[in-house]
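Notes to accompany the following structure.
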Amino acid sequence: MRIVRLSVATTLLVGSWSSVVCADEPEKFLKVKKSTFVNLVDLLVNRGVLDKKDAKNLVTEAEDEAAAEAKQPPPKESLEAATAKPGSTEAQSGKAKKGSSKYVAYVPEFLKEEIRNQVRSELKDDILKDVKTHASKERWGIPDALPDWVSRIKPYFDLRLRGADDMFDSRNAQYYDWLTINKDGGLSQAQAKNEAFQNTRIDRFRLRERFRIGFDAQLTEGLTAGVRFATSNQFNPVSNNQTLGNTGQSWTFALDRAYLQYDFVDSTGNDWFSLYGGRIPNPFVSTDVVYDPDLSFEGFAGTFRLNLGRDDPKVKSYHLPNAIGRAGVNLGPQHPNSVFATMGIFPIQEVNFTSSDKWLMGGQLGADWLVGDESRLKFATSYYDYQNITARRNSYESLQFDWTAPQFMQKGNSLVAINDSKNQPGCSSGVLGSQNVCLVGLASEFKIVNATLMYDYSHFAPIHAMLTLDYAKNIGFNRKKILQQFGDNIAPRTDAYQARLDLGRTELKHFKDWNLFFAYRYVERDAVLDAFTDSVFHLGGTDAKGWVVGAQYGLANNTWLNLRWFNTDWIDGPADGATFVSTSSRRHLIIDTLTVDLNAKF
């Protein structure tokens, strides 16, 4: 290939030289000075680039074209410019004196064509590569090549591999597993199956996995459908973890989310509200003090907003953070410089033969504001009202209120007996420590006031520092009412709070992206519903306090490592009048947990 390129270049030079003629001596034009050209052609023949027949034709064509061109008068301006001496006025102006010799360079047509072909060949690969790159980035032709609905579907997935090491103090008391006791029909039945107690003394290391895959589909302007499947224990709403080591049995794969979302945007581009229905993501600004990050809400919700700075250049250029770098913090509506209100109604449990289904009604008011040029302040006040979830004592020879027992709970909330010996033979008189207790439920009502403050300082972006303060109080606890209905004198423990600091990137997308966080949490036993709070801190539930330290580091694009250390203990222990610890002299439930997560997503 290099020989061919050299031959064309040399041929061009020789052809040009042999075509330089004297305009005043036309007879010399017919005498082609071809010695150099012929020698070059002979050299190409000897090297096998040309055969003799092609070489002869090449020389013949050069002579014919030179003769034809000689018969045509050269352009006047070219002749004058060519005959002018370098630097002279004539050379600069393009004119020459009359009668001086005039020379012009000539390139034969066959050489021009050969040059064109060679340039096309050399540029073809580079041009195609460049075009393919632009076509891939700009998705040329894809909308026309595929059905329209394909471009309106956005799939996603995430995978988490976890190693969890749970370490218990030897001084820990034993803790009854009341969810299992209820399912087994009573304490005696659970003890017979060796299922009456939670593990509080034997260290455990487990390998676990969470896999989720879903898509968002734009059905029409403003209307979106979301669907997500996940590995899941169908009886645990706050965890999608699947524990490895099930003798090779297949995992449960469940529909984790399925909802419609409508976003109203007016003609000026102002988005006023969003409506959600189905099994939806958490619509509230919140932390894992109140709601576990894996919890999905079932029902309907709406967020209404007043955008006060939509045209502000700071708002338009602001990069919205992603919750990946801040696991456990739900940022809620993402609309800087706005005030918003979120309301929702969510059925928790449908109960047969009664109109007293269990519900959650929630409302939230908040503001989201950019402070200065680099920082962001978000504040929200919420009220969550749980209806018909409190235990009710069965009347004489009746089991009508068995439905008040929780379908799911973790640990911590104050409990009372629903059945006694008057309405179910074999049950106790209502003392939880009795061997004959049959069915238990929540002692307190739950009407929770929650305030959340987030201050994201991003002066050193992309490194952010975010302070999160969260406080919750259950104003539905009524000590007198519990005593009257169940005879249990339970002291109120209804406050919860957390202070947390995050430092690093808000998104973990690339190699070496990092994030650190540090938190202290204090959650009294009846401050929040233990069923829905964080499932890792103190191994789930309430009546817990302690520290959390975490670090995340990007291993590759969309792949990162998450390490967390939990150091926790209970605050009070069992509620007064409800002795459900096997050895009352032991007042500790110290649990240290180390989790190491390998995450990948797209």
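Per-structure values
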item: Label-point gap, in nm, between residue 345 and residue 598 - each point 7 angstrom along Cα→Cβ; result: 4.8
item: Distance in nm between pseudo-label sites at residue 250 and residue 233 (7 Å out along the Cβ direction from Cα); result: 2.2
item: Cleavage-rule hits, chymotrypsin sites (Phe, Trp or Tyr not before Pro), region 320-396, DSSP coil, Cβ neighbours within 10 Å at most 12; result: 353, 396
item: Restraint check, 411/481; 132/601; 183/601; 358/601; 378/411, Cα-Cα greater than 29 Å; result: 183/601; 358/601; 378/411
item: Calculated FRET efficiency for the pair residue 112/residue 567, C-beta based, R₀ 60 Å, to 0.05; result: 0.15
item: Alpha-carbon centroid distance for the pair region 184-232 / region 471-496, whole angstrom; result: 29
item: 404, 268, 559, 60 arranged by Cβ crowding within 10 Å, fewest neighbours leading; result: 268, 60, 559, 404
item: Ordering of 219-231, 517-529 by packing [mean C-beta count within 10 Å, highest first]; result: 517-529, 219-231
item: Within-11-Å neighbourhood charge of residue 457 [Cβ basis; K, R +1; D, E -1]; result: -2
item: Longest to shortest principal axis, alpha-carbon extents of region 343-416, angstrom; result: 68, 27, 16
item: Sequence-separation-based contact order of region 148-601, relative, with Cα cut under 8 Å and 6+ spacing, percent; result: 15
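Only the coordinates and a few stated rules stand behind these numbers; no lab work does. Computed from a prediction, not measured in an experiment: that's the story for all the values here. Reconstructed Cβ throughout: ideal geometry from the backbone, glycine too, with neighbour counts over all protein chains shown.
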